[in-house]
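*Asks:* Dropping the structure in here first, questions after.
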Amino acid sequence: MTYEHLILERVDGVAIVTLNRPAVLNALNLALLRDLDHAVAELRSDDRIRAVILTGAGEKAFVAGADIKELAELTPVAGKAYAAEGQRIFDQIEHLGKPVIAAVNGYALGGGCELAMACTMRIAADTAKFGQPEIKLGILPGFGGTQRLPRLVGKGRAMELILTGATIDAAEAYRIGLVNRVVPAAALMTEARALAATLAASAPVALKVTLEAINRGLDESLADGCVLEATLFGLVASTDDMREGTRAFVEKRKATFTGR
Ligand code: COA
């Protein structure tokens with residue numbers, strides 16, 4: 001598959017997806033969203049890929065939001081369809097069944113912040129900046145921001161960020177729990193690759209069901225989430241990897257997982 005606006009590389013079980021419209025700070029236009037949709041589908045069905053890194057081209061931006069030139073043309077009906085389509089693609093990322101690390105290398109504004117939040121974890125360069133500035137354009141976040149931001153940082157902080165449209169730096173994003181860690185910009189991809197390699201070496205089925213337990217469980221009551229967890233626990237108990245992981249511990253050696 002060839003892509004117009006993104007670069008897809010595969011290295012040792014890890015895919016690196018680079019959103020590539022640096023002249024407009026990797027703003028998400030429909031063509032880039034389509035590329036992203038196809039790349040996610042491609043990675044979902046590629047069993048060799050066990051972890052994904054998502055980043056932006058250039059040094060300035062991860063993604064500076066939805067493409068404002070396209071937004072400006074939306075009618076009410078098209079606006080609803082546009083938001084629903086972005087949400088669907090970001091849901092596909094959240095529920096890819098493999099961990100997706102956002103390596104946030106600069107501005108993550110609007111749809112960029114929403115995209116980072118749809119990822120499993122976020123590593124920020126110390127130069128990164130985050131925000132949901134939609135209010136300044138007379139709109140609200142449309143790709144899941146009003147829902148994922150409060151789940152990540154709490155209602156009060158999400159209200160403040162979304163209602164003021166303020167931009168925060170990486171240190172503040174770390175303080176409020178929006179990102180998992182902050183690293184020097186020059187070390188961003190090395191750190192992201194190291195984390196991805198650790199995840200890629202884990203038992204794939206256990207990874208997949210853990211993602212499902214946390215992502216789906218958070219939308220359930222505690223009791224229903226625990227039922228889901230117990231069911232998935234029963235499922236992994238049927239895997240070769242469970243036998244291998246427990247046997248390797250007893251035999252004091254490193255486990256080799258096959259994903260079966
Ligand atoms: N959509 C479309 N184009 C965008 C864009 C977006 N979200 N963000 C940046 N660009 C374009 C700019 O129009 C500019 O293009 P030009 O060179 O043809 O004029 C180019 O990217 C560089 O951006 P510029 O604004 O010149 O860079 P800057 O360093 O002065 O400012 C930002 C950087 C991120 C603060 C600023 O670009 C900005 O506020 N972007 C919009 C952020 C936003 O509101 N996102 C939410 C959208 S819902």
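*Asks:* Using the Karplus equation 6.51 cos²θ - 1.76 cosθ + 1.60 (θ = phi - 60°), what ³J(HN,Hα) coupling, rounded to whole Hz, does each residue of region 231-237 give in order, writing x for Gly and Pro?
*Replies:* So the J values, rounded to whole Hz, are 5, 5, 4, x, 5, 5, 5.
*Asks:* Return the distance in nm (one decimal) between the two label points of a simple spin-label model at Leu137 and Ala255, each offset 7 Å from Cα along Cα→Cβ.
*Replies:* Computed distance between label sites Leu137 and Ala255 equals 4.5 nm.
*Asks:* List the relative contact order of region 25-168 as a percent without decimals, with contacts defined as Cα pairs under 8 Å and 6+ residues apart.
*Replies:* Numbers: 248 pairs, mean separation 34.2, N = 144.
Reported as a whole number, the value is 24 percent.
*Asks:* Sticking with the crude label model, points 7 Å out along Cα→Cβ, report the distance from Asp224 to Glu9 in nm, one decimal please.
*Replies:* 4.3 nm
*Asks:* Moving on to the next point. Would you work out the relative contact order for the chain, in percent, from Cα pairs under 8 angstrom that are 6 or more residues apart? Display every interim value, and only then the final one.
*Replies:* Numbers: 473 pairs, mean separation 41.4, N = 260.
Computed over the chain, the figure is 16 percent.
*Asks:* Using the per-residue mean of other Cβ atoms lying within 10 Å as a proxy for protection, in what order, highest first, do the peptides 155-161, 119-125, 12-18 fall?
*Replies:* On the way: 155-161: 15.9, 119-125: 24.0, 12-18: 20.1.
Ranking the peptides 155-161, 119-125, 12-18 by packing returns 119-125, 12-18, 155-161.
*Asks:* Counting only other residues whose beta carbon sits under 12 Å from that of Pro184, what net charge do I get with K and R as +1, D and E as -1? Display every interim value, and only then the final one.
*Replies:* On the way: positive: Arg181; negative: Asp126, Glu191.
Its environment carries a net charge of -1.
*Asks:* If you don't mind, there's one more thing I want to ask. Find the all-direction average of the projected area of the Cα convex hull for region 2-66, expressing the result in square nanometres with one decimal place. Before the final figure, lay out the partial values.
*Replies:* Details: hull surface 16.8 nm².
For region 2-66, averaging the hull's shadow over all directions gives 4.2 nm².
*Asks:* Return the distance in nm (one decimal) between the two label points of a simple spin-label model at Thr231 and Ala187, each offset 7 Å from Cα along Cα→Cβ.
*Replies:* 4.2 nm
*Asks:* Return one whole number: the accessible area per residue of the chain in Å², for a 1.4 Å probe.
*Replies:* Numbers: 13280 Å² over 260 residues.
Per residue, the chain has an accessible area of 51 Å².
*Asks:* Determine, for each peptide in 77-84, 39-46, the mean count of other beta carbons within 10 angstrom over its residues, then list the peptides with the highest first. Write out the running numbers ahead of the final one.
*Replies:* On the way: 77-84: 13.2, 39-46: 16.1.
By packing density, highest mean first, the sequence is 39-46, 77-84.
*Asks:* Also, quick follow-up: Per residue Cα convex hull volume for the chain, in cubic angstrom? Let's see the in-between values first.
*Replies:* Details: hull volume 36.0 nm³, N = 260.
That works out to 139 Å³ per residue.
*Asks:* Applying the Karplus parametrisation 6.51 cos²θ - 1.76 cosθ + 1.60 with θ = phi - 60° to the phi angles of region 90-103, what ³J(HN,Hα) value in whole Hz is obtained for each residue in order, glycine and proline being reported as x?
*Replies:* Values, residue by residue: 5, 4, 4, 5, 4, 10, 5, x, 9, x, 10, 9, 7, 9 Hz.
*Asks:* Now for a separate question. Of the DSSP beta bridges with both residues in the chain, give the percent that are antiparallel, rounding to the nearest 5.
*Replies:* On the way: 9 of 32 bridges.
Looking only at bridges with both residues in the chain, the antiparallel portion is about 30 percent.
*Asks:* Using modelled backbone amide H atoms (1.01 Å from N, in-plane), which distant-in-sequence or interchain residues come within less than 5 Å of Gly65's amide H?
*Replies:* Hits under the 5 Å cutoff: Leu28, Leu109, Gly111, Gly112.
*Asks:* Report, in listed order, any pair from Lys80/Lys208; Lys129/Lys155; Lys98/Lys254; Lys208/Lys254; Lys69/Lys155; Lys80/Lys136 with a Cα-Cα distance greater than 25 Å.
*Replies:* Details: Lys80/Lys208 31 Å; Lys129/Lys155 20 Å; Lys98/Lys254 22 Å; Lys208/Lys254 21 Å; Lys69/Lys155 30 Å; Lys80/Lys136 19 Å.
From the list (Lys80/Lys208; Lys129/Lys155; Lys98/Lys254; Lys208/Lys254; Lys69/Lys155; Lys80/Lys136), the Cα-Cα distance tops 25 Å for Lys80/Lys208; Lys69/Lys155.
*Asks:* Report the full-extension gain for the segment Ile214 to Ile68: residue separation times 0.36 nm, less the Cα-Cα distance, to one decimal in nm. Before the final figure, lay out each step's value.
*Replies:* Numbers: separation 146, 0.36 × 146 = 52.56 nm, distance 3.34 nm.
49.2 nm is the gain from fully extending Ile214 to Ile68.
*Asks:* Taking the Cβ of Phe249 as the centre, find all other residues whose Cβ is under 14 Å away and add up their charges (Lys, Arg: +1; Asp, Glu: -1). Each step should come with its number before you reach the end.
*Replies:* Details: positive: Arg243, Arg247, Lys252, Arg253, Lys254; negative: Asp241, Glu244, Glu251.
Result for the neighbourhood of Phe249: +2.
*Asks:* Determine the share of region 20-119's accessible area contributed by carbon and sulfur atoms, expressed in whole percent, with a 1.4 angstrom probe. Please report the intermediate quantities before stating the final value.
*Replies:* Details: 2220 of 3970 Å².
Of the solvent-accessible surface of region 20-119, carbon and sulfur hold 56 percent.
*Asks:* Can you give the net charge of the other residues whose Cβ lies under 14 Å from the Cβ of Ala230, counting K and R as +1 and D and E as -1? Walk me through the numbers on the way to the answer.
*Replies:* Numbers: positive: Arg216; negative: Glu212, Glu220, Asp224, Glu229.
My count for the surroundings of Ala230 gives -3.
*Asks:* Something else now. Each residue of region 152-157 in order: what ³J(HN,Hα) in whole Hz does its phi give by Karplus 6.51 cos²θ - 1.76 cosθ + 1.60, θ = phi - 60°, with x for Gly and Pro?
*Replies:* Computed from phi, the couplings for region 152-157 are 7, 10, x, 5, x, 5 Hz.
The values are calculated or read from the model by the stated rules, or taken from the named source; none is laboratory data. What you are looking at is a predicted structure, and each value in this text was computed from that prediction instead of being measured. Counting neighbours? That spans all protein chains shown, and the Cβs are built from the backbone with ideal geometry, glycine included. Calculation scope for accessible area: heavy atoms of the full protein, side chains included, ligands and nucleic acids excluded. Shrake-Rupley method; radii C 1.70, N 1.55, O 1.52, S 1.80 Å.
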